[in-house]
1. Return the residues of segment 103-117 that are of a type outside the set (Ser, Thr, Tyr) and either more than 14 Å from Leu62 (Cα to Cα) or part of a helix (DSSP H, G or I) (or both); say none if nothing qualifies.
2. Among the helices (runs of 4 or more DSSP H) confined wholly to segment 120-205, which include 2 or more residues that are farther than 17 Å from Gly96 by Cα and either open to solvent by 30 Å² or more (accessible area, probe 1.4 Å) or hydrophobic (A, V, I, L, M, F, W, C) (or both)?
3. Which pairs have Cβ atoms under 7 Å, sit 6 or more apart or on different chains, and link a residue in segment 127-152 that is farther than 16 Å from Val94 by Cβ to one that is open to solvent by 60 Å² or more (accessible area, probe 1.4 Å)?
4. So, in segment 58-79, of the ones that are in a loop (DSSP other than H, G, I, E, B) and open to solvent by 20 Å² or more (accessible area, probe 1.4 Å), which residue ends up nearest to Asp172 (Cα to Cα)?
5. Among the residues of segment 81-109, what is the count of those that are over 17 Å from Leu153 (Cα atoms) and surrounded by 18 or more Cβ atoms within 10 Å (Cβ to Cβ)?
6. Considering segment 31-56 alone, what residues qualify as being open to solvent by 20 Å² or more (accessible area, probe 1.4 Å) and under 23 Å from Arg175 (Cα atoms)?
7. Restricting the first residue to segment 1-30 and requiring it to be modelled with pLDDT under 90, which pairs with a second residue that is open to solvent by 60 Å² or more (accessible area, probe 1.4 Å) and among the hydroxyl-bearing types (Ser, Thr, Tyr) meet a Cβ separation below 9 Å and a spacing of at least six or different chains?
Amino acid sequence: MAGPRRDTRGIVDAPELFAQVRFRRREPAAGLRPYLEHYWLIDWDLPQPYASHLVPHPSVNLVFQRYGDEADFAEVSGIGLDLFTQKLAGRGRVCGVQFRPGGFRPFAPDRPVSQWTGRRLPADDVFASPAPPSDVLGPADEDARVAALDAYLLALAPGPDPQAERAMALVDLVRTDRTVRRVGELARMEGVSSRSLQRLFATYVGVGPKWVILRYRIHEALERAESDRQVDWAALAAELGYSDQAHLTRDFTATVGVPPTAFAPR
């Protein structure tokens, strides 16, 4: 893994988010990099409330959270199926762990990852030895917070799991190879049946391969809308493997909440 991702895929109106909060990504310890995308750290001190919006990745997150004078807490956030909205006000801090798609199960091997999909649970409902949230959120020094995350996750001692590695590689292929557009194509490339692929994704990723393919399409369409005010939506639909522009419009609207032509001018 060559450092944290630098793209803003999935973040709705990333420039506005970055203007409201201090957002950064940090790389985990070497022993954790096979399983984690990155840590994500956010601090804010807002004169007015602000709502952030995210089209979730096919990733599980472990999130340590502090909101004003409320008690610190930690939760496991399974893959979100819908647009995620978080309202922020006053002062606060979040230290998050984004697992690679397929990389969470070695830390919680007793249940399929689909068990957590669409759910947000206290961390102590998932892990036998959850870290006290104040250990992660308390240090003023950012490096100390990252070190606390490293220490906690390394202590969970994720073991090698060839099936997790296989699932991570397949999702990465979907993310990086735009020609992978159908579940059947991915199954043939892997040399397995579509049903076997579905079982692997349910157990290790948490959603089916079709959902992953569609979600990465929407991420790319959203990023294009953010960066290019003159998007040729018909051409982009064809480029992403949609049958027509109307199909892309339906998926985009269902996920983001507004049609792409209405979103782009924002």
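1. Passing the criteria: Arg105, Pro106, Phe107, Pro109, Asp110, Arg111, Pro112, Val113, Gln115.
2. 162-176, 183-190, 194-204
3. Partner pairs satisfying both residue conditions: Pro130/Asp124.
4. Result: Asp72.
5. Number satisfying all stated conditions: 3.
6. Across segment 31-56, the qualifying residues are Arg33, Pro34, Tyr35, Trp40, His53, Leu54.
7. Close Cβ pairs satisfying both conditions: none exist.
The values are calculated or read from the model by the stated rules, or taken from the named source; none is laboratory data. Small disclaimer: the values here were computed from a predicted structure and weren't measured. As a convention, Cβ positions derive from the backbone with ideal geometry for all residues, glycine included, and neighbour counts pool all protein chains shown. Heavy atoms of the whole protein, side chains included, go into the accessibility calculation; ligands, DNA and RNA do not. Shrake-Rupley method; radii C 1.70, N 1.55, O 1.52, S 1.80 Å.
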